[in-house]
Structure formats: C-alpha cells, structure tokens
Amino acid sequence: MSAPLRRAVVDLDAYRANLDLVRSWMEPVELMAIMKADAYGHGLDAIALTAVDAGIRWIGVLTVPAALRLRSIGVGEDVRLFTWQHDPGLDFRDAIDSAVDLGVSNVAELQRVVDAVDHRPARVHLGVDSGLHRDGATVGEWPALVEAARDAQRAGRIEVVAAYTHLAESSDADDAAAVAHFDAMVEQAEDLGLDIRWEHVAASLAGLERKEFRKDMVRMGANLFGIPGADGVSAADLGLTQVMTLTASVAKTKRVPVGTGVSYDYTYRTDAETTLALVPVGYADGVPRAAQGRVEVTINGTRYPIAGRVAMDQFLVDVGDDDVRVGDPVTLFGPGEDGEQSVLEWGRALDTIGEEIVCRIGGRVQRTYEGHSGEGRVGAYLRGERA
Ligand SMILES: *Cc1c(COP(=O)(O)O)cnc(C)c1O
C-alpha cells in the first residue's frame, strides 16, 4: 500500500511517555490531561483512550458534547471529564446523567444546571476570574454564585467539586497576584459556608515552573503533546517527545530551466536548472501561507525551504540536483529524529505558538496512530472493536 499523500502521524507511545513523566513530576498533585480542540488536533478518541489505559483519572475537554463522545466510546465514570465552555442553549441533562463535571461561572449558568438535575446531583466546579477575563466569576459576582451553589448543594441538587481559575501567564508577578486573588475567593467561599474540596489553577507552564500554584491538580495539555511553552526550552530539554509528525509524499517532480518562476505570483525564481518537487500540503491543511521563506521541510534527511507561494493544496520545493523522487517522504515537522524542524520551531518562525500549528492541521490530513496500538482500550478501539 502506498503512503497517503498527507498525514499526521500521532505517536501514542510518546504521548504515554510524556504523560507518565509529567505525572511523576507532579506527584502527589493530580494531573488533568487537557484534550480540547480534538486533543490539540491529534484526534480526541485515541489520545483519550491512551490516557485512560495509562490510568488517568481526570480529562479536560472544554465542551459537554466532547465529554459525551468520550463516554460513548467507553470512558467510564471512574474518569472525571471536566468541561467549562457551554453553549447558552445547551440542555445539561445528558451531561449530568453521564457524570460530566461542569465548570460554572455565574448564577444564571448555575441555575440552568440546577434546573436540569433529575435523579443525580450535578458535579460543579466554580470558576473564578482571576484576571484573564474569559470565564469565571468576577469579585462582584462571586458571593452570589457561592451562595447559590451552597444552597443547591444543601438541597442535594449539585455537588460542588472544586474551585478553579486560569492564569494569564503574563508575568510571575501577575500570576502571583491572580493566585492570591483566587485564594481570597476560596476563603470567602469557606466563610460563606461552602467547602471547596479541590482547587485547580495551573496549566502547562505554571504547573512546571511554579510549584506553589499546583494546588490539588494541574491541568496540562501542551506538555503532554511535547510542545512545552517556556521561551527557549525544547521538548528534549525536558525529556518530553513531540507527539505529532506531519508528513507527505512527493507527488510530482519536474526539471525546469534557470529563471523559472515558481507558484503564484512568481515570488521565487530558480537560479539554475533544477528539480522542483511538489508537496501536496497547502494552507487548507494548516501550512500557513506565511510559511514561505520561514520554515524548512525535510526530504531524505536534507532540509529545503518552501519555494514560492504556499497554495491551498500544495507547495513546491527546489531540490537542485538532489535525487528526489515521486513517493519520497517529506517531513514538515516532527520530533527531530531525521533532522526535521519541530512544532516549536514552526511556531517561533511563524510568530505564533506550537499549539496553533497543530490545532490548525486540517481535516483532510489523515491521522494515523503509531505505538501502543496493540494493547488496551486504545488498541481495541483502533482495531475497530468499540467498547
Ligand atoms: C487550554 C487550557 C489548559 C491547558 O493549557 P496548556 O497550556 O496547553 O497546558 C488548561 N486550562 C484551561 C482552562 C485551558 O483552557
């Protein structure tokens, strides 16, 4: 079988190893594995089942539909599924029935949750806005939210599981102020008669660098995908491995004379007779148009810049007189084993972060899974044996 034209190879062993390593660093603090946005573009099902096989107890997936999806593929209620961005029209009944944990930021949202309760209490995490100004209750909203939650808990309608916030990661001082604010809000809740069992605050960066912010649980996504966020720190520096490799096969080659204009607008011209290789990945697949002149791709161990504009479905590479043939694998980014660039390098070159690069890999790019596939739930799932 020939390789597909374009694919994202997801190394489940690498994900598992990253998870085990990060968990060992965080001990005895609990780790919530964050898998929003289809597990940062890696594919939610396989990543989640890999984490479940590894014994993860908390997964964060942003939305209720994503959590219900995980329940439907066999992620049992021993695994807590945290969601925190809710469609204003969402009926919470299925979430409550399936014991999905709900982040709640204001009284109106809490009321909608309480109204949906039938036979089992809803599991609620109260959000604090500590300065990011996304979700979470403001100082003004917090006491009313706490009182409503306390009363609903006393009435047996909800179980208040946790208080949480998310940090701006703007500076150490800003984050310290945000955590102090969070601590004050938790204290106020206790004063109002609401016990807070779990506190969670830190994501990948603060979880690694600020031990005092770990509280009871850290929520980590990027580290687990081998895309750490600290300036100038590579995955390898930390002992992590990048999970996704983006590859394609050379689709065509052609010999062209000196002075040949390449791709739209002729922004690149050959400076000698040369071979052009067509790489069938374009901006529709998540290679930004701005990647021209900024990143390099690897063919047979050699790095080449992108020649001319990135088009919707393809770009060209000037390979000179090198022996590059149709079907040769092209690595756009990967863990670095063949000298290719990493997602972090792509992010830096493109004035963004690695997370944006992997999240934007399009639906046309087939995800294929390597490693870990023989065993456990993920093995059964990948073989098509649904639980
Ligand atoms: C995305 C997200 C995380 C994980 O962030 P990373 O930096 O990828 O670890 C944690 N918590 C919340 C609320 C998030 O939105």
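Annotations for the structure displayed:
- Strands (runs of 3 or more DSSP E) wholly inside the range 215-274 that include at least 2 residues being more than 16 Å from the ligand (Cβ to nearest atom): 244-249, 252-256
- Residue in the range 24-34 that is assigned to a helix (DSSP H, G or I) and closer than 16 Å to residue 202 by Cα present: yes
- Counting only strands (runs of 3 or more DSSP E) that sit wholly inside the range 279-387, those with at least 3 residues that are of a type in the set (A, V, I, L, M, F, W, C) are 315-320, 329-333.
- Residue selected from the range 187-209 under the condition surrounded by 22 or more Cβ atoms within 10 Å (Cβ to Cβ) and either within 18 Å of residue 136 (Cα to Cα) or outside the structural domain of residue 131 (by TED's automatic domain parsing) (or both), by the criterion farthest from the chain's Cα centre (by Cα): 189
- Hey, residue 72 more than 16 Å from the chain's Cα centre (by Cα), farther than 24 Å from residue 335 by Cβ and hydroxyl-bearing (Ser, Thr, Tyr) or not: yes
- Residue 65, sole failed condition from (1) away from the ligand (no atom under 16 Å from the Cβ); (2) touching a Cys at 6+ places or on another chain (Cβ under 9 Å): (2)
- Answer from 137, 144, 116 - the residue that is farther than 27 Å from residue 176 by Cα and modelled with pLDDT of 95 or more: 116
- Index of the failed condition, residue 212 passing every other in (1) surrounded by fewer than 24 Cβ atoms within 10 Å (Cβ to Cβ); (2) over 18 Å from residue 175 (Cα atoms): (2)
The values are calculated or read from the model by the stated rules, or taken from the named source; none is laboratory data. Everything numeric in this text was worked out from a predicted model, so none of it was measured. As a convention, Cβ positions derive from the backbone with ideal geometry for all residues, glycine included, and neighbour counts pool all protein chains shown.
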